[in-house]
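Asks: Before I ask anything, let me first share the structure, which is written out below as structure tokens.
The values are calculated or read from the model by the stated rules, or taken from the named source; none is laboratory data. Keep in mind it's a predicted model, so treat the numbers as computed, not measured. All Cβ positions, glycine included, derive from the backbone under ideal geometry; neighbour counts span all protein chains shown. The area values use the complete protein model at the heavy-atom level, side chains included, leaving out ligands, DNA and RNA. Shrake-Rupley method; radii C 1.70, N 1.55, O 1.52, S 1.80 Å.
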Amino acid sequence: MTYYTQLSETNQRKVDELADLMRGKTTAIVAGAGMSTDSGIPDYRGTGSAGGQTVDYDLFMSHEKWQRWVWQRNQETWKTVAGLSPTPGHKAVAALQRAGLVNGIATQNVDGLDARAGIQNPALLHGTFDTVDCTRCDAQYSRAEVDTWLRELNPDTVDDPDPANVAILAKVDEEAANASTFNTAPCPKCGGVLKPSVVFFGEMLPAEAMSLAFKYAGEADVILVVGSSLLVATGLWVVREGLQNPATKLAVINRGATQVDAYANVRIEGGSSETLMALAERLGVEV
């Protein structure tokens, strides 16, 4: 039994329509949290976990207690993210890219699953969990390197292995922040404040990643939105860039409504993994 035959008749028909739209053309993918939910990471809006306001950039920089709290939650959960496996959806996108049908993916996710699946040169619109930046001198370090520093400073830290508890960004919790005794590590080059290479709310988007995303969208015949409502403006900007060409087609794969449903040539209500795997099957691409 294939992924395609497991779809409803309606979604089989729509996957066929999407395959017809993409066949012999170039497609750029704009992906959101729904792309990674099958790995165990809960859906979230933007760069913050669902269920409450997260520590923004100004708050993080305002006081050491917020830096302690953000780093405590990051340290407790980052290894869980680092250990996750790509979903079938990620693997399908990598296969479609190898086949020349997808020119690139612009993702709002920071989990690194795109690269682990073999997707080449993803545009990381909201940064990445895999590195750490200095806010003073712009030095960058691998998260694994910073992990060794933090474990020496905080030998009693207990890793949380449950992906559902991953703190992409820590929630604003004044009581927890005041109570945190976590020891942060300064930049070894300049002594500045280190922060995860995730785009905090209130922080500038990475110019290089946005430029790459616009390039993918501008060169594509089809824009395919996967796993995003596009309520966060970042992904929506990329879609709009692609649709500046009136000939560019738009397709959507998502559970729930999106900001661009009314403009979609094909709209599939469904999960990313099963739909993208079925799409690869219909396009004759081996995953």
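Asks: With viscosity set to 0.692 mPa s at 37 °C, what whole-number translational diffusion coefficient in µm²/s follows for the stretch 29-168 from Stokes-Einstein and a Kirkwood radius over Cα pairs?
Replies: Numbers: Rh = 16.1 Å.
Diffusion coefficient, whole number: 204 µm²/s.
Asks: Separate question: In the stretch 194-287, which GluC sites (Glu not before Pro) fall in coil by DSSP and have 15 or fewer other Cβ atoms within 10 Å?
Replies: Listed in order of number, the matching sites are E286.
Asks: Something else: Sticking to Cα atoms, compute the Rg of the chain to one decimal and its Dmax as the biggest Cα-Cα distance, whole number, in Å.
Replies: 19.6, 60
Asks: What is the helix-to-structure angle for 9-22, meaning the angle in degrees between its Cα long axis and the longest Cα principal axis of the chain, kept from 0 to 90 and rounded to the nearest 10?
Replies: Helix 9-22 and the main axis of the chain meet at about 90 degrees.
Asks: Express the carbon and sulfur contribution to the solvent-accessible surface of the chain as a percent, rounded to the nearest whole number, probe 1.4 angstrom.
Replies: Details: 6110 of 12670 Å².
Ligands and nucleic acids excluded, carbon and sulfur give 48 percent.
Asks: Here's another thing I want to ask about it. Label-point separation (nm) for T5 and D156, each offset 7 Å from Cα along Cα-to-Cβ?
Replies: 5.8
Asks: How far is it, in nm, from the label point at K25 to the one at S211 when both lie 7 Å from their Cα along the line to the Cβ?
Replies: 2.9
Asks: For the chain, with a Gaussian network of springs between Cα atoms less than 10 Å apart, report the residue from S197, S211, S272 with the top mean-square fluctuation.
Replies: Highest fluctuation among the options: S211.
Asks: Among V93, G218, Q108, whose Cα lies farthest out toward the positive end of the dipole of the chain, if unit charges sit on the beta carbon of Lys, Arg (+1) and Asp, Glu (-1)?
Replies: Looking along the dipole axis, the top candidate is G218.
Asks: Here is a follow-up. Under 10 Å, Cα contacts only: if you run a Gaussian network model on the chain, which one of A207, A220, A185 comes out with the highest mean-square fluctuation?
Replies: With Cα springs under 10 Å in the chain, the top fluctuation among A207, A220, A185 is at A207.
Asks: Right, another one. Just going by the charge dipole of the chain, with Lys and Arg at +1 and Asp and Glu at -1 on Cβ, which of M277, A185, G256 is farthest out on the positive end?
Replies: The residue sitting farthest along the positive end of the dipole is M277.
Asks: For the chain, what is the charge dipole size about the Cα centre, in debye to the nearest 20, if Lys and Arg each add +1 at the Cβ and Asp and Glu each add -1 at the Cβ?
Replies: Numbers: 24 positive and 35 negative charges, 124 e Å.
Dipole about the Cα centre, nearest 20: 600 debye.
Asks: Additional query: Return one number: the angle in degrees, 0 to 90 and rounded to the nearest 10, between the long axis of the Cα atoms of helix 64-82 and the longest principal axis of the Cα atoms of the chain.
Replies: 50
Asks: Another question about this same structure. Mean separation of Cα pairs under 8 Å and 6+ residues apart, divided by the residue count of the chain: what relative contact order is that in percent? Write down the numbers at each step before the final one.
Replies: On the way: 588 pairs, mean separation 88.8, N = 287.
The normalised contact order for the chain reaches 31 percent.
Asks: Also: With a 10 Å radius around each residue's Cβ, average the other Cβ atoms per peptide and rank 113-124, 246-257, highest first. Working shown, then result.
Replies: Details: 113-124: 20.8, 246-257: 18.3.
Ranking the peptides 113-124, 246-257 by packing returns 113-124, 246-257.
Asks: Compute, for the stretch 137-287, the length of the dipole vector about the Cα centre, with Cβ point charges of +1 (Lys, Arg) and -1 (Asp, Glu) only. Units Debye, rounded to 20. Numbers along the way, then the final one.
Replies: Numbers: 11 positive and 21 negative charges, 118 e Å.
Roughly 560 debye for the stretch 137-287.
Asks: Only Lys, Arg, Asp and Glu count, each charged at its Cβ (+1, +1, -1, -1), so figure out the dipole size of the stretch 145-224 about its Cα centre, rounded to 20 debye.
Replies: Values: 5 positive and 14 negative charges, 70 e Å.
Approximately 340 debye in magnitude.
Asks: Listed highest first by mean packing, meaning other Cβ atoms within 10 Å per residue, what order do 27-33, 168-174, 262-268 come in?
Replies: With the highest mean Cβ count within 10 Å placed first, the list reads 27-33, 168-174, 262-268.
Asks: Give the calculated FRET efficiency between S62 and K189 to the nearest 0.05, with a Förster radius of 35 Å applied to their Cβ-Cβ distance.
Replies: On the way: r = 23 Å, r/R0 = 0.66.
After rounding to 0.05, the efficiency reads 0.90.
Asks: Separate question: Could you state the accessible area per residue of the chain in Å², with a 1.4 Å probe and every protein chain left in place?
Replies: Working: 12670 Å² over 287 residues.
In whole numbers, the chain has 44 Å² accessible per residue.
Asks: Working from Cα positions, state the angle (0 to 90°, nearest 10) between the long axis of helix 233-242 and the longest principal axis of the chain.
Replies: 40
Asks: Towards the positive end of the charge dipole of the stretch 1-99, with charges on Cβ (+1 Lys, Arg; -1 Asp, Glu), say which of A33, M22, T10 has the farthest Cα.
Replies: Result: M22, furthest along the dipole toward the positive end.
Asks: Something else now. Rolling a 1.4 angstrom probe over the protein chains, ignoring ligands and nucleic acids, what is the accessible area of H63 in square angstrom, nearest 10?
Replies: My reading of the accessible area for H63 is about 100 Å².
Asks: Also, I was wondering about something else. Take the Cα gyration tensor of the stretch 69-139, multiply each eigenvalue by 5, square-root it, and list the three semi-axes largest first, rounded to whole angstrom.
Replies: Details: eigenvalues 142, 46, 12 Å².
Output for the stretch 69-139: semi-axes of 27, 15, 8 Å.
Asks: Which residue, M61, M277, M210, has the most motion in a Gaussian network model of the chain that connects Cα atoms within less than 10 Å?
Replies: Looking only at M61, M277, M210, the biggest GNM fluctuation is shown by M61.
Asks: Given a 1.4 Å probe and the protein chains all in place, what does the accessible area of D221 round to, in Å² to the nearest 10?
Replies: So the heavy atoms of D221 present about 60 Å² to solvent.
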